[in-house]
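The values are calculated or read from the model by the stated rules, or taken from the named source; none is laboratory data. Model, not experiment: these values are computed from the prediction. Cβ placement follows ideal geometry from the backbone for every residue including glycine, while neighbour counts extend to all protein chains displayed. Surface accessibility is based on the protein's heavy atoms, side chains included, excluding ligands, DNA and RNA. Shrake-Rupley method; radii C 1.70, N 1.55, O 1.52, S 1.80 Å.
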Amino acid sequence: MGIDFPEGFLFGSATSAYQIEGAAAEDGKEDSIWDVFCRVPGAIVNGEDGTLACDHYHRYAEDAKLLADLGMSTYRFSVSWPRVLDSDGAVIAKGMDFYSRLVDELLANDVAPWLTLYHWDLPAALPGGWKNRDTAKRFVDYAVAVQEHLGDRVRTWTTLNEPWCSSFLSYAAGVHAPGETDPASSIAAAHHLLLAHGWTVQALRQADPTASLGITLNFTPAIPATRSDADSDVARRVDGTANRFFTDPIFTGAYPADVLSDLGELWPSGLVQDDDLAAISAPIDVLGVNYYTTNMFRAASPDEATDCATPHIAAPDAVQVLRDLPLTEMGWEVDPGGLRDLLTWLHTTYTGPAGTALVITENGAAFDDHADADGFVSDVDRVDYLRAHLGAVHEAIDAGGDVRGYLAWSLMDNFEWSYGYSKRFGVVRVDEQLRRIPKASALWYGEVARTGHVD
Ligand code: NOJ
């Protein structure tokens, strides 16, 4: 019994630079906006930061071997922009060499490198961050420099990870670096991120037509609590900025009309220039899907107080309604059926017609792990989570979806942004001495990766 994935389906796991590397000021690395944000009192649980993290900068060879031992065929990691380019735009040789050695080590262990160019650690020195159109131009220079050094060995490139987080969560809700709370700035940031993506796809494609190029978006499907007009409308508005704000310009070359109308006066005038949307909709090979949960919403009643600094800038009246589902340690509902429906919707609406493949570039869960006397974590809840979501992926493939791979988040426990180290997403435990100890989920998932079979 159980299910079998098609021959060639990719299994792997993912991390990001700031969450695991440490060495925050080593070998010429400059500050990113996360180094700066972590110094803001109260920004991060327990005042933690990524200064040491998992010390992957010094333990990358051990980590590459760990991936191979676990049977992972693919490893998605990110490059830290301020580690490889200084504030004058010159290459920092030692920083670039770190990624070159990491890639070599992965290849020596038969693990295919999957490189994300931007996982949120913007150089702090860039004036205005993503509010500034010039940052998108600087991003292309950075991307081209990384391709020049690693493009002979890295075949799969993701421009951005979760631009919704780098825009609406960072510039409207203030929860992520740089911690601003201005809705109009968040729209500017989102557009400039998409522009950086589009220009980079054009530049990398021109330099190497054989590389696989894509972007990773986080999808949180929004469903209405009831069939009332008010609840349906609030769910539509959340979905508009959370999901379609990104998929529509990338796949159809236009921002969704309802989102433009909902945002109305908030939309900065002159933001979108001629040819921007043509660049943003440059064809991509892979759409990376990060899925953790689905959210149900109802509309707040007129006298109900709502959160003023919300990432849902077109739906400040959205109130999440919890369903009768298990919760992870993040308080996120476990809803694997939502992943199946999401993949089917994406394939039918966007990626299928465009001939773009889907890969789940992140899926996983934080749970309240307990280590036994030997340091081993028997995380049955995480195994159940992964099994159920892999089942949902398989159902989407059965329904005709072109889904080519699944990367578990995360290879190891790491710095969970504003939650610090309090939330553990790893299939591998990282203990106080920074030892890597595979959990039951790593052993189970490794078997899946080796056989393509889910029990
Ligand atoms: C998505 C982000 O890409 C990743 O950095 C984060 O740790 C996970 N979600 C879990 O929240």
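Take Ala371 and decide whether it is over 19 Å from the mean Cα position of the chain (by Cα) and farther than 16 Å from Leu66 by Cα.
Numbers: over 19 Å from the mean Cα position of the chain (by Cα): yes; farther than 16 Å from Leu66 by Cα: yes.
Spelling it out, Ala371 is indeed over 19 Å from the mean Cα position of the chain (by Cα) and farther than 16 Å from Leu66 by Cα.
The single residue among Phe5, Phe11 that is farther than 20 Å from Ala177 by Cβ and either under 19 Å from the mean Cα position of the chain (by Cα) or small (Gly, Ala, Ser) (or both) turns out to be Phe11.
Which residues, taken from segment 141-164, are within 16 Å of the ligand (Cβ to nearest atom) and either modelled with pLDDT under 95 or open to solvent by less than 10 Å² (accessible area, probe 1.4 Å) (or both)? Outline the logic, then answer.
Of segment 141-164, the ones within 16 Å of the ligand (Cβ to nearest atom) are 158-164.
Listed by number, the residues that qualify are Thr158, Thr159, Leu160, Asn161, Pro163.
In segment 277-302, of all residues being within 16 Å of the ligand (Cβ to nearest atom) and aromatic (Phe, Trp, Tyr), the one that is nearest to Arg155 (Cα to Cα) corresponds to Tyr291. Across segment 115-140, the qualifying residues are those that are open to solvent by 10 Å² or more (accessible area, probe 1.4 Å) and not in a helix (DSSP H, G or I), and the one among them that is farthest from the ligand (Cβ to nearest atom) is Pro127. Taken together, Val84, Val79 contain a single residue that is of a type in the set (A, V, I, L, M), over 14 Å from Val201 (Cα atoms) and within 16 Å of the ligand (Cβ to nearest atom), which is Val79.
Take segment 296-307 and flag every residue that is surrounded by fewer than 22 Cβ atoms within 10 Å (Cβ to Cβ) and either aliphatic (A, V, I, L, M) or in a strand (DSSP E or B) (or both).
Met296, Arg298, Ala300, Ala305
Just to verify a result, which residue in segment 328-339, among those that are among the aliphatic types (A, V, I, L, M) and open to solvent by 10 Å² or more (accessible area, probe 1.4 Å), is farthest from Thr294 (Cα to Cα)? My answer is Met330.
When the criteria are applied in full, Val175 fails the requirement of being touching a Pro at 6+ places or on another chain (Cβ under 7 Å), part of a loop (DSSP other than H, G, I, E, B) and of a type in the set (Val, Ile, Thr). The set of residues in segment 259-275 being in contact with a helix residue (DSSP H, G or I) (Cβ under 6 Å, 6 or more places away or on another chain) and either part of a helix (DSSP H, G or I) or more than 16 Å from His192 (Cβ to Cβ) (or both) consists of Val259, Asp262, Leu266. I'd like to check something: does segment 398-416 contain any residue that is touching a Phe, Trp or Tyr at 6+ places or on another chain (Cβ under 7 Å), at pLDDT 95 or above and farther than 23 Å from Thr328 by Cα? Looking through segment 398-416, at least one residue is touching a Phe, Trp or Tyr at 6+ places or on another chain (Cβ under 7 Å), at pLDDT 95 or above and farther than 23 Å from Thr328 by Cα. Taking segment 347-368 as the range and being in a helix (DSSP H, G or I) and surrounded by fewer than 22 Cβ atoms within 10 Å (Cβ to Cβ) as the test, the residues that pass are Thr348, Thr349, Tyr350, Gly352, Pro353, Ala354. Taking helices (runs of 4 or more DSSP H) as the structural unit, those lying wholly within segment 24-106 and holding at least 3 residues that are among the acidic types (Asp, Glu) correspond to 56-69. Here Leu342 meets the list (1) surrounded by fewer than 24 Cβ atoms within 10 Å (Cβ to Cβ); (2) more than 16 Å from the ligand (Cβ to nearest atom); (3) of a type in the set (A, V, I, L, M); (4) assigned to a helix (DSSP H, G or I) almost entirely, failing just condition (2). A count restricted to segment 32-66 and to residues that are in contact with a helix residue (DSSP H, G or I) (Cβ under 7 Å, 6 or more places away or on another chain), among the aliphatic types (A, V, I, L, M) and closer than 19 Å to Arg101 by Cα stands at 2.
Scan Asp104, Asp86 and give me the residue that is open to solvent by 10 Å² or more (accessible area, probe 1.4 Å), within 19 Å of Asp35 (Cα to Cα), among the acidic types (Asp, Glu) and touching a residue at least 12 places away in the same chain (Cβ under 8 Å).
Values: Asp104 fails: within 19 Å of Asp35 (Cα to Cα).
Only one candidate qualifies: Asp86.
Per the listing Val393, Val427, the residue uniquely surrounded by 22 or more Cβ atoms within 10 Å (Cβ to Cβ) and within 16 Å of the ligand (Cβ to nearest atom) is Val427.
Among the residues of segment 207-218, not a single one is open to solvent by less than 30 Å² (accessible area, probe 1.4 Å), under 20 Å from the mean Cα position of the chain (by Cα), within 16 Å of Thr349 (Cβ to Cβ) and of a type in the set (S, T, N, Q).
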